[in-house]
Amino acid sequence: MDQPTPSRLSILYRGTIVELGKYFKNVLSLKEGIDKEGTKQGIIDDVEFKGHGAWILLLAALIASIGLSIGSTAVIIGAMLISPLMGPILGVGFAAATNNFELLTKALKNFGIAVLISIIISTIYFLILPVPHVNNELLDRKTASILAIAIAFFGGAAGIIAGSRTYKSNVVPGVAIATALMPPLCTVGYGLATMQLDFILGAFYLFFINSVFIALPTYLYIRYQRFPMVDFISAEREKKMKRYIAVFLIVTIIPSAFIFVNVLSSSFFMRNAEMLIEYVNQDLEDTKAFVVSSQIDMDSEPRKITLAIMGDVVSDQQKASWKRESQDIGLKDCEIEIRQSRDYAGDIAKLRDENSFSALQYTKQFMQEELYRKTAEVDSLKQVLQSMGERPQSSTIAKQVFALFPGLKDAGFSKMSFVNSEGKVDTLSAMIVKWNQSITPKEILESEVRMRDWLQVVYPDERIEIMTMP
């Protein structure tokens, strides 16, 4: 039986698909313009770390430390641009991919020296010039996120692809900024100078994961492009070197995989926790209660979300609905703690009726917290009275803020004290604001950043917080 003759339309359609396939294959090809010998020599040269390279690293660490101490993003970017840390990391990926054990050893050695110098310089800086208040730039380098890992991987891929071209481009400086290697190292120095273990471990954890996920795309790209492997004198030596490199890859990749899974889990938990907090805020919109603060504890077992609520006491039905919502959005093993000042009296009465010993313990806890709160209020009032003659009064500040930020609906300014779980009293200056509904979340964020900077100028020696009412 004769086959039907294809129509002109089907022939044209198939021809167009084929041409589009060829076009995109040509556009996305990584084979064109590659310089294997130049790439190899460039990476080997960048691995070398002595003389001017050591001085550049030292200066980059100082600049990054200054940027972190004053909270300046622009200064930190400058330090990332001149930092030579990328060289040894790319060298590790290249050496592992080409079985170059000698280059791998040199790259790891220089990488270790660079890390050590950066940490020592930053530690000395923060010991000589301590930071009075932890700013957002330091806090941002304390934890790793799934986005940080993605940026490191894609940045490393862009760096090796651009560096392997015959005609070099301006991609590498952008990669240095995106992958952010120097700031976490200097944050480790800050942690050492201030003896804060969470900063030391958190920042080094971020640096390590960034380094691994920069070297990984380099290894994969060099393998994909089939760069020449190192020739060994004997087959036995070749087998031995390959075994060493394989062990190195396993020791590096397996912990990184666990870290990646942990970061992925933490990122999902943070996202879901923020969704729950937003749900609670929306659920309280038509009531006289509102969330004044929220805390997400990732380190407790199980993980915990603490919500401090002022105003009317939240009903058990509302709490149950929040618990159900947490289950629905994936927070199944999470504890939700609701703190309200009015809860204590009812709980004490209930326990007293049961004539239990725990009632006395709870009463004692309640009285201690009340004492701490009253003491904090007295301290806060003393500080306000002392500063009234030197600084603008709270009412004046609240009025001025309306002239500077026209999107405000309500605003109040006060100095307050708070007590932590250990009974330590601390103070801060708080601007409590409520924005018009016409203001977008992005505009609110930008306005609150400018508001905090303005208040920090007025009260340079105090801790400033912006609290947004729902």
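Here is the figure for the stretch 298-343: residues that are assigned to a loop (DSSP other than H, G, I, E, B) and on the phi < 0 side of the Ramachandran plot total 16. Only one entry in L104, L116, L139 is under 23 Å from the mean Cα position of the chain (by Cα), closer than 30 Å to K242 by Cβ and not assigned by TED's automatic domain parsing to the domain that holds D453, namely L116.
Any residue at all in the stretch 282-297 that's closer than 20 Å to A203 by Cα, outside any helix (DSSP H, G or I) and either touching a helix residue (DSSP H, G or I) at 6+ places or on another chain (Cβ under 6 Å) or at pLDDT 75 or above (or both)? Yes - at least one qualifying residue is present in the stretch 282-297. The residues listed here are L264, L276, L331; of these, the one that is farther than 17 Å from M467 by Cβ, loosely packed, with under 15 Cβ neighbours inside 10 Å, among the hydrophobic types (A, V, I, L, M, F, W, C) and in contact (Cβ under 8 Å) with a residue 40 or more places away in the chain is L264.
The values are calculated or read from the model by the stated rules, or taken from the named source; none is laboratory data. Predicted model only: the values in this text are computed from it and were never measured. Quick reminder, even Gly has a Cβ in these numbers, built from the backbone with ideal geometry, and neighbours come from all protein chains shown.
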